[in-house]
Every structure is written in structure tokens, then in C-alpha cells.
1. Residue 144: in a helix (DSSP H, G or I), crowded, with 16+ Cβ neighbours inside 10 Å and at pLDDT 95 or above, yes or no?
2. Could you pull out the residue among 95, 176, 113, 137 that is out of contact with any strand residue (DSSP E or B) (no Cβ under 7 Å at 6 or more places or on another chain) and within 20 Å of residue 58 (Cα to Cα)?
3. Does residue 32 satisfy the condition of being more than 21 Å from residue 140 (Cα to Cα), in contact with a helix residue (DSSP H, G or I) (Cβ under 8 Å, 6 or more places away or on another chain), assigned to a helix (DSSP H, G or I) and at pLDDT 90 or above?
4. Which of the numbered conditions does residue 176 fail, given that it passes all the others? Conditions: (1) more than 16 Å from residue 74 (Cβ to Cβ); (2) modelled with pLDDT under 95.
5. Give me the residue from the stretch 88-98 that is over 15 Å from the mean Cα position of the chain (by Cα) and under 17 Å from residue 182 (Cα atoms) and, out of that set, surrounded by the most Cβ atoms within 10 Å (Cβ to Cβ).
6. Conditions: (1) over 27 Å from residue 40 (Cα atoms); (2) outside any loop (DSSP other than H, G, I, E, B). Residue 133 meets all but one. Number of the miss?
7. Could you tell me whether any residue of the stretch 70-80 is surrounded by 19 or more Cβ atoms within 10 Å (Cβ to Cβ), more than 20 Å from residue 143 (Cα to Cα) and in contact (Cβ under 8 Å) with a residue 24 or more places away in the chain?
8. Which of (1) touching a residue at least 40 places away in the same chain (Cβ under 8 Å); (2) buried (at least 20 other Cβ atoms within 10 Å of the Cβ); (3) over 13 Å from the mean Cα position of the chain (by Cα) is the odd one out, the single condition residue 83 does not satisfy?
């Protein structure tokens, strides 16, 4: 699973307009949620269109590129986010962690709870410096975009929708395995 997504963000980024263009359109949060799931195949035109559309936003493009890198690393370890069934933390727990900076009692944000996957990722983070760096970059970018989501999105509950994408599931797994949630 997820092989069709390989290179999708990079290819789309190469074709996208310059994200540094000032005064561009506001980020379409619905399209970001769609894009963060990455295309199922080359025929997945809805997701590909959403991906191309949001890559005009520099932060969204950075998030999606780092998500693709993290998802590729996870897939190489046999971990596919579409196979993970996450627990969904409430919007207010996300807000307290991301916006208010509360770092206690947030373990429920780590909604991917597969003990074998967590153990595999924890070991990879210890033994593979490149994977660890990819993970940190992705986690930081995800949190930056979620903070912005709370400020700009039409509804803050979109954070739960984003968390249920492949990118969101990867965030929850990697953040839990790296100890971000305590």
C-alpha cells in the first residue's frame, strides 16, 4: 500500500507555481486534508488535484514533502498507515498540545497504538540517524501546520480529519515512538 504516492509530492511540487508568491490564495483546508492522504493510484484524480492545489502554499508543500519522506521510510519497514486504525483524540486535546503548549496528559494524541509498530519505529529512531532526522522534520512541520489550522480553518474539528489521513496517522505513530507525547 501507498506505493502510488511515492514521488507524488515531489512531482507535484516541481509542477506547482512558486510558493513564495506573495498574496496568493488562502490555503484550502479541505484540500489539504485530502492531499495529506496521498493518492491511492495515478487515477486518483481528486487527491492529485488537491495535492497540486495545496502545494502552492509553502508550509503545506513542506509538510507534504516531509510526510512523503516519512511515509516512504515507514513503508520500507513494512508499516502502512492505511492499515493502522487510530483512536481519535478530541479537538480540545489537540488544541491544548499544539496551541497552548501543554505537554502533560496528551498521550491520547498518539492514537496509533499498535505496540509492534511503535516498537519497530522506536528501534529505527535509535538506530537510523537519517530516519530520526526525517521524523523530526516531519513532526515539526505537522505541528506548524496544525497550529495554523487552528487559526485559519473553517472549523477546528478539521484537526481530527487531518489526523485520520496517512500523514496524520504517521504523525501519531512517530510522535508516540519518539516520546513527544510523554
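1. Spelling it out, it is not the case that residue 144 is in a helix (DSSP H, G or I), crowded, with 16+ Cβ neighbours inside 10 Å and at pLDDT 95 or above.
2. 137
3. No.
4. (1)
5. 97
6. Of everything listed in (1) over 27 Å from residue 40 (Cα atoms); (2) outside any loop (DSSP other than H, G, I, E, B), residue 133 misses just condition (1).
7. Yes: the stretch 70-80 contains one or more residues that are surrounded by 19 or more Cβ atoms within 10 Å (Cβ to Cβ), more than 20 Å from residue 143 (Cα to Cα) and in contact (Cβ under 8 Å) with a residue 24 or more places away in the chain.
8. All conditions pass for residue 83, except number (2).
The values are calculated or read from the model by the stated rules, or taken from the named source; none is laboratory data. In this text the structure is predicted, and so the values were computed from the model without any measurement. Positions of Cβ are backbone-derived with ideal geometry, glycine not excepted, and every protein chain shown enters the neighbour counts.
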